[in-house]
Amino acid sequence: MTWNLLSALVAAVIGVLSGAVLPRVIARLPEPEPDPEPAEDGAVDGLVPAENEAEFARPVDEPKELYVDLAGLPGLTWKLALLTGVLSGIVGGRLGWTPALLFLLYLVPVGVALALIDWRTRYLPSKLILPSYAVVGGLVVVASLVGQDWPELLSAAIGCAATFVVFFVLWFVAPRAMAFGDVRLSGLLGLALGWLGYGQLVIGIFTAFLLMSAGGILLAVTKVFHSKHVPFGPFLVGGAFLGIAFPLQLLTAYAWVIDGLTSAIIGLLD
């Protein structure tokens, strides 16, 4: 897959403009309902408190940061504009002039906003995710109409449903390991990844879990987050982005690692 410089430039400009308005979007989000009273075992909303919370930069029972305060962080506007511009430019450059840009250039700034919100507040607002289903779904249909890509429309629907079901099962089995906001977000990302192809879908979601595993351990060891409450949203968005922009490179890397591990195991058995 080669780079298309013109589509990268156009996508980057759109990304900068959309990223610059994200603080206003974040500031207007309604605050979630207050958490229930702590249970007898000290858990709140399914979370396990840290034994030595003073050692953590983001303790489990830290009060949620208000969206208005988050949106007012110094330099947030230009930082989000720059980040969204870079990510959008990469997507545009890698994919070129494809109808998929119709929904991806909307999903990139939304993903950036959700990753930031989850990182700072450990909460994924449904008020931003649920409307995005309608927007991305509508743009997916438009993209299929423009490109006459009806199989892609079906794979988008399957990707959305399959990803949501998988995450729902994981949440149902282990609710303390995953918040339901992650389930909502997974279906939205599966919708976009599914349109691009089942390969991108599998690679993107697998990469998200891989990033979460490695990043979660690092964040817990460095006392940034308690190990029971590392936010999954940023890793889920990051994995989806990598699955969209670099699927072949990731597949090659995973194949190389698997081949190396297989050779090492065979060598030990011989």
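The values are calculated or read from the model by the stated rules, or taken from the named source; none is laboratory data. In this text, all values refer to a predicted model and were calculated from it rather than measured experimentally. Quick reminder, even Gly has a Cβ in these numbers, built from the backbone with ideal geometry, and neighbours come from all protein chains shown. To get the accessible areas, we keep the full protein, side chains included, count just its heavy atoms, and leave off ligands, DNA and RNA. Shrake-Rupley method; radii C 1.70, N 1.55, O 1.52, S 1.80 Å.
For every residue, the table says whether it meets (1) outside any loop (DSSP other than H, G, I, E, B); (2) among the basic types (K, R); (3) at pLDDT 70 or above; (4) crowded, with 16+ Cβ neighbours inside 10 Å.
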position: L6; (1), (2), (3), (4): yes, no, yes, no
position: A12; (1), (2), (3), (4): yes, no, yes, yes
position: S18; (1), (2), (3), (4): yes, no, yes, yes
position: P36; (1), (2), (3), (4): no, no, no, no
position: P63; (1), (2), (3), (4): no, no, yes, no
position: P74; (1), (2), (3), (4): no, no, yes, no
position: T77; (1), (2), (3), (4): yes, no, yes, yes
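Take the stretch 112-126 and flag every residue that is in contact with an Asp or Glu (Cβ under 6 Å, 6 or more places away or on another chain) and either β-branched (V, I, T) or buried (at least 22 other Cβ atoms within 10 Å of the Cβ) (or both). Steps first, please.
Of the residues in the stretch 112-126, the ones in contact with an Asp or Glu (Cβ under 6 Å, 6 or more places away or on another chain) are 120-121, 124.
T121, L124, listed by residue number.
Does R184 count as basic (K, R) and modelled with pLDDT of 95 or more? Yes: the conditions hold for R184.
Which one of A253, A220 is assigned to a helix (DSSP H, G or I), open to solvent by 40 Å² or more (accessible area, probe 1.4 Å), modelled with pLDDT under 95 and small (G, A, S)?
After ruling out the rest, the residue left standing is A253.
Only residues that are touching a Pro at 6+ places or on another chain (Cβ under 7 Å) and under 21 Å from S88 (Cα atoms): list them for the stretch 99-153, please. Selection gives A115, I117, D118, W119, A143, V146, G147. In the set (1) assigned to a helix (DSSP H, G or I); (2) open to solvent by 30 Å² or more (accessible area, probe 1.4 Å); (3) within 17 Å of V25 (Cβ to Cβ), the condition left unmet by L153 is number (3).
Can you pull out every residue in the stretch 98-128 that is within 25 Å of Q148 (Cβ to Cβ) and aliphatic (A, V, I, L, M)? Before the answer, list the steps.
Our first condition is that a residue be within 25 Å of Q148 (Cβ to Cβ); within the stretch 98-128, this holds for 98-108.
Selection gives A100, L101, L102, L104, L105, L107, V108.
Condition test on V140, is it touching a helix residue (DSSP H, G or I) at 6+ places or on another chain (Cβ under 9 Å), part of a helix (DSSP H, G or I) and within 28 Å of F180 (Cβ to Cβ)? If you could, list the steps in order and put the result at the bottom.
Values: touching a helix residue (DSSP H, G or I) at 6+ places or on another chain (Cβ under 9 Å): yes; part of a helix (DSSP H, G or I): yes; within 28 Å of F180 (Cβ to Cβ): yes.
Yes; evaluated as a whole, the condition is true for this residue.
Given the criteria surrounded by 14 or more Cβ atoms within 10 Å (Cβ to Cβ) and either among the basic types (K, R) or touching a Lys or Arg at 6+ places or on another chain (Cβ under 7 Å) (or both), does A240 qualify?
Working: surrounded by 14 or more Cβ atoms within 10 Å (Cβ to Cβ): yes; either among the basic types (K, R) or touching a Lys or Arg at 6+ places or on another chain (Cβ under 7 Å) (or both): no.
Spelling it out, it is not the case that A240 is surrounded by 14 or more Cβ atoms within 10 Å (Cβ to Cβ) and either among the basic types (K, R) or touching a Lys or Arg at 6+ places or on another chain (Cβ under 7 Å) (or both).
Restricting attention to the stretch 88-111, the residues that are within 18 Å of G233 (Cβ to Cβ) and either in contact with a Cys (Cβ under 8 Å, 6 or more places away or on another chain) or open to solvent by 40 Å² or more (accessible area, probe 1.4 Å) (or both) total 1.
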